[in-house]
Amino acid sequence: MKQHISKLFRVLYTIALTLFLAVAFTLVFTQIIGLIFAQPSWIDWAEETLEHPSIILAVFTGIFAFIVYNAEGTKRNQ
């Protein structure tokens with residue numbers, strides 16, 4: 001049972017981390033492009049549209065990482 005929970009949350013963690021990195025990269029990249037091309041509307045759009053989803057995904061990623069860490073336990077050399 002513990003292995004199934006660990007595997008489930010490891011998959012959820014991987015998905016959440018991938019989505020978080022994609023959204024955060026898109027946010028930053030869009031803002032950089034907006035700076036380069038002097039388009040403040042792009043910068044505002046990226047912040048208004050992608051800020052909250054990236055924060056929410058970061059929170060879920062952290063929660064899933066915590067669960068995976070505790071479900072798997074630590075491996076110590078003894």
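The values are calculated or read from the model by the stated rules, or taken from the named source; none is laboratory data. Computed from a predicted structure; not experimentally measured. Note that we place each Cβ from the backbone using ideal geometry, even for glycine, and neighbour counts take in every protein chain shown. Please note that ligands, DNA and RNA were not included when accessible areas were found on the heavy atoms of the full protein model with its side chains. Shrake-Rupley method; radii C 1.70, N 1.55, O 1.52, S 1.80 Å.
For (1) within 16 Å of the chain's Cα centre (by Cα); (2) not hydroxyl-bearing (S, T, Y), each residue gets a yes or a no:
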| position | (1), (2) |
| --- | --- |
| L19 | yes, yes |
| A22 | yes, yes |
| F29 | yes, yes |
| W42 | no, yes |
| T49 | yes, no |
| S54 | yes, no |
| A58 | yes, yes |
| field | Restricting the range 1-38 to residues that are open to solvent by 50 Å² or more (accessible area, probe 1.4 Å) and among the small types (G, A, S), the residue that is nearest to F64 (Cα to Cα) | value | A22
| said: So in the range 57-78, with the set limited to residues that are open to solvent by 90 Å² or more (accessible area, probe 1.4 Å) and in a helix (DSSP H, G or I), which one is modelled with the highest pLDDT? | reply: F60
| Taking A38 and the conditions (1) part of a loop (DSSP other than H, G, I, E, B); (2) among the small types (G, A, S); (3) touching a residue at least 12 places away in the same chain (Cβ under 8 Å), which numbered condition does it fall short on, given that it satisfies the others? | (3)
